[in-house]
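See structure below.
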Amino acid sequence: MGVLNVTPDSFSDGGRWLDAGAAVDHGLKMVEEGADVIDVGGESTRPGADPVPAGEELRRILPVVEALAPHVRVSIDTRKAEVAEAAIAAGATLVNDVSASLAAVAREAGAGWVAMHMQGDPRTMQHAPTYDDVVGEVRAFLVERAESAGVEEVWIDPGIGFGKTMEHNLTLLAHLDQLVATGYPVVVGTSRKSFLGRLTGDAPADDRTEASVATAAWALAQGAAMVRVHDVAPTVASARLLRS
Ligand code: HH2
């Protein structure tokens, strides 16, 4: 799954694809590089991000979804039912839902649904994330959402970096097999995230490619079914190597 943020403020690619034409070109480039899904988002959910009004989110994503949908599976990365519905009408077939609250939209439209775990909301989630048993709690939350969703195609995602300390992220990655064992296909998004910067000598977001590819390969080797990444070409190369 290639990341395509049509936002001014995403932590890594913010501002790069605000122009719809540039966004579509980048999406098609990721398809050429081997992405099976392009994840279009119009609202940053980085720690501390302010919410974006639905009208603005729609203005950003709709032309991009429409242009890409004939070429590749498009997912819509949103927390708003209205945006998910409009994106599906424009050709998206997967709802990438970091709030894990849009099952009804996916169900009614016959779309797939990615349910992601997040503790709190983006504005405050990194203030003091707390768990007794991060793997058990994330797993129980996701299974409950998945079972009650009534959606045929459900994916689950531990939400790396969403209300999680570095230790929580690493614990979840170390125990991905427990999510895989639920039987739901698992999505993992580590790409360029800040914990990787901290683990690699405070590398800025653009210099986290190797760490991102390494963690994507780790996730795939543990049984993840999809990885959400900015750097598609090296991730696809490593995924192909793993399969050979
Ligand atoms: N991470 C981000 C956004 N959406 N969706 C899923 N399913 N899993 C993730 O880990 C995930 C996600 C955050 O990354 P990004 O889109 O690069 O940044 P921003 O939220 O600043 O736009």
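List of remarks:
- Any pair with Cβ under 7 angstrom, 6 or more apart, that starts in the stretch 179-200 at a residue that is closer than 15 Å to Val154 by Cβ and ends at one that is near the ligand (Cβ under 10 Å from one of its atoms) and aromatic (Phe, Trp, Tyr): Tyr184/Trp155; Pro185/Trp155; Val187/Trp155
- Pairs where the first residue, in the stretch 51-64, is on the phi < 0 side of the Ramachandran plot and in contact (Cβ under 8 Å) with a residue 60 or more places away in the chain and the second is buried (at least 20 other Cβ atoms within 10 Å of the Cβ) and among the aliphatic types (A, V, I, L, M), C-beta under 8 Å, 6+ apart: Val64/Leu4; Val64/Val6; Val64/Ala23; Val64/Val24; Val64/Val40
- Test: Gly2 is of a type in the set (Gly, Ala, Ser), in contact with a His (Cβ under 8 Å, 6 or more places away or on another chain), within 13 Å of the ligand (Cβ to nearest atom) and modelled with pLDDT of 95 or more: yes
- Where a residue in the stretch 131-158 is in contact (Cβ under 8 Å) with a residue 40 or more places away in the chain and its partner, wherever it lies, is in a loop (DSSP other than H, G, I, E, B) and open to solvent by 70 Å² or more (accessible area, probe 1.4 Å), with Cβ under 7 Å and at least six apart: Val135/His175
- Residues (under 15 Å from Glu144 (Cβ atoms) and without any contact (Cβ under 8 Å) to a residue 24 or more places away in the chain) located in the stretch 97-123: Asp97, Ser99, Ser101
- Against the criterion of being open to solvent by less than 30 Å² (accessible area, probe 1.4 Å) and modelled with pLDDT under 95, Met116 does not qualify.
- Those residues of the stretch 68-96 which are open to solvent by 40 Å² or more (accessible area, probe 1.4 Å), in a helix (DSSP H, G or I) and closer than 16 Å to Asn5 by Cα, in sequence order: none
- Inside the stretch 1-28, residues that are open to solvent by 50 Å² or more (accessible area, probe 1.4 Å), free of Cβ contacts under 8 Å to residues at least 40 places away in the same chain and either outside any loop (DSSP other than H, G, I, E, B) or touching a Phe, Trp or Tyr at 6+ places or on another chain (Cβ under 7 Å) (or both) make up a count of 1.
The values are calculated or read from the model by the stated rules, or taken from the named source; none is laboratory data. Quantities reported herein were computed from a predicted structural model and do not represent experimental measurements. Cβ atoms come from the backbone with ideal geometry, glycine included; neighbour counts cover every protein chain shown. Please note that ligands, DNA and RNA were not included when accessible areas were found on the heavy atoms of the full protein model with its side chains. Shrake-Rupley method; radii C 1.70, N 1.55, O 1.52, S 1.80 Å.
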